[in-house]
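A short worksheet on the structure shown next.
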């Protein structure tokens, strides 16, 4: 199947002008006309969420994530702060608590931690914070994939490229 496309500006591979234009067109389709994310964290986020925002913002600005996606980014940062706070409380109180009727039971904070983890994973995937989601952001359409095969490949290599496209795309 080959490697997925990277953002043109962060790509270290030598590309022909035609390849650069094609990849830039794909990027523009994903983000054209929208305002970039603000560099500073919103004031309504708590200290931990703001620190997470500032940790990831430079990398996010290289992806086609725009200001229109800010609610999702705020949600990710908030859930991250909840995760950190809950994990800290679990370390202090322990993973098991004494229940008068049932004896030793799992700490209810574990449910909160699990929910935070799930929400972080969902938001991270939608924002392009996971390897898999970044690769999916730039998968070209089938016709564009065929064009990529024919850019510099000839003969058997071109046939093999098209064969693998059919094989992996069903």
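Annotations for the structure displayed:
- Condition met for residue 78 (outside the structural domain of residue 24 (by TED's automatic domain parsing), outside any helix (DSSP H, G or I) and closer than 30 Å to residue 136 by Cα): no
- Conditions (1) closer than 15 Å to residue 62 by Cα; (2) modelled with pLDDT under 55; number of the one not met by residue 38: (2)
- Positions within region 56-88 being exposed (fewer than 13 other Cβ atoms within 10 Å of the Cβ) and modelled with pLDDT of 95 or more, in sequence order: 71, 88
- Of the residues examined, residue 107 is one that is more than 30 Å from residue 38 (Cβ to Cβ) and in contact with a helix residue (DSSP H, G or I) (Cβ under 9 Å, 6 or more places away or on another chain).
- Verdict on residue 52 being surrounded by 17 or more Cβ atoms within 10 Å (Cβ to Cβ) and at pLDDT 95 or above: yes
- Filtering region 98-144 to residues that are within 30 Å of residue 20 (Cα to Cα), outside any loop (DSSP other than H, G, I, E, B) and modelled with pLDDT of 90 or more leaves 123, 124, 125, 126, 127.
- Screening 76, 80 for residues that are more than 30 Å from residue 24 (Cβ to Cβ) and in contact (Cβ under 8 Å) with a residue 40 or more places away in the chain leaves exactly one candidate, 80.
The values are calculated or read from the model by the stated rules, or taken from the named source; none is laboratory data. These numbers come from a predicted model, not from an experiment. Backbone-built Cβ (ideal geometry, glycine too); neighbour counts: all protein chains shown.
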